[in-house]
């Protein structure tokens, strides 16, 4: 080989890669694959303990396509049995085969019980049933978190977010083309506040991106807004080019443009859209066993999880990790020590391992 | 709680094109470029196509989220590159990885140059996949160390060390390259 410089390396790569003829684009194939992904997630994101329970749940919980009439009733849910949330929900799954929740291993089934809009909270899994937020508690019982009229829409995915420093969970419901934001105290089992929004034809873009210290971060088609629950203030926080990835302990992790609203005593940190903050807001978890410090004064946290490539936070602030390879090992790692406990080893056959209630 | 406050007027403006049309436009404008990058990392057309298709499918499923970012293309690139890296980690792939069919190789360059680009390209393809990703993202995509770290989900220091080691390996065949000269 003759002498080369970094610029020659650039030229060599360009001269090769720029001449590569891409395969024919297959947008229809991508849409098909996305539908398969969606169907697969819907299929395994379900908690049942017995075939009889599955039959009952299956009869009442199928996802209803398109908008459905308003309803004040909620279906009956069969209990999966008593769960153990004392060390976090520890919710993970082998897609299509089995899921693990609160210390139990449960058969997966094709119900819309827990889908990608579900949110793991310290008080249980919050999920949406035909647009109505529900909570699967530790005792195995399921309750509606909102009693008013709601309607389901396939295009409306407001999600639910839990405050790591309180028992509050924030979510949104839709009825008559109006969105209502709600904060509910899961410990006291009462509604803390609600706020109807007249969002006209943009309601389907409303997403709850986070809640921290009584401030709810709400994304709309036009930007991100803050709802201060204590005084019902509604303030524009950032434009449409900003995406709030996570909010913990008055630290806002965002992607895109910096937020336009300065907040006293709050800190803004730029990161990937699917990155997450530790509950104390001091480190960022992003596709790596090494958690980057927000402040230069802190050291990185390295999880003792060799081979792990999938990560998320559990509801107790620890990190759930999963290794690549066959079989997959699931771990629960303490923060900040990085010490990991093996939860189980699973021969994953349904695709990448998944953490329930923490999908982006 | 109280009365029904409204969004500011800009929120009430129609969002324009629908999801499908908007995603289709994004897909059409980015597919070729992202395929070449993914191929550069994977070194295999089929693997690159599968990884990229999977990344686009995920982006399509989360389009309302992805489109709100400054760089949706960066999101898809990150998903595709990590998909490739995940495949390389799997034992069956390491055992059974097929060779590149000759008729799928890129067309050779016909430029006259003192640089043996073919040999340099082959040296790049012989790098470990993670180092190859760093090289392609740095020298083909012109990403910064910080941007590469974000793509690969590692620290900037890891990117630096991976780049250093990659250039060191390339330098084995050509000591003239200074590996510290243009990494950052």
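Structural remarks
- With bins 5 Å wide beginning at 0, the percent of Cα pairs of the stretch B:116-177 falling in each bin runs 4, 20, 30, 24, 14, 7, 1.
- Separation of alpha-carbon centers, the stretch A:120-163 and the stretch B:49-88, rounded to whole Å: 28
- Across the stretch B:16-94, counting alpha-carbon atoms alone, Rg and Dmax equal 13.0, 46 Å.
- Rg/Rh for the stretch A:214-338, where both radii come from Cα atoms and Rh is the Kirkwood radius: 1.03
- Alpha-carbon centroid distance for the pair the stretch A:277-311 / the stretch A:198-265, whole angstrom: 24
- Per-residue mean of foreign Cβ neighbours for A:221-227 is 4 (Cβ atoms of other chains, 10 Å radius).
- Other protein chain Cβ atoms within 10 Å, averaged over every residue that makes up B:58-66: 6
- Placing pseudo-labels 7 Å out from each Cα toward the beta carbon at residue A:260 and residue A:165 gives an inter-label distance of 2.7 nm.
- For peptide B:69-81, the mean count of partner chain Cβ atoms within 10 Å of a residue's Cβ comes to 3.
- Residue order, fewest to most surrounding Cβ atoms within 10 angstrom, among A:10, B:36: A:10, B:36
Laboratory data are not the source of any read-out in this text; all were calculated from the coordinates shown. Just so it is clear, the model here is predicted, and its values are computed rather than measured. Cβ: placed from backbone, ideal geometry, glycine included. Neighbour counts: every protein chain shown.
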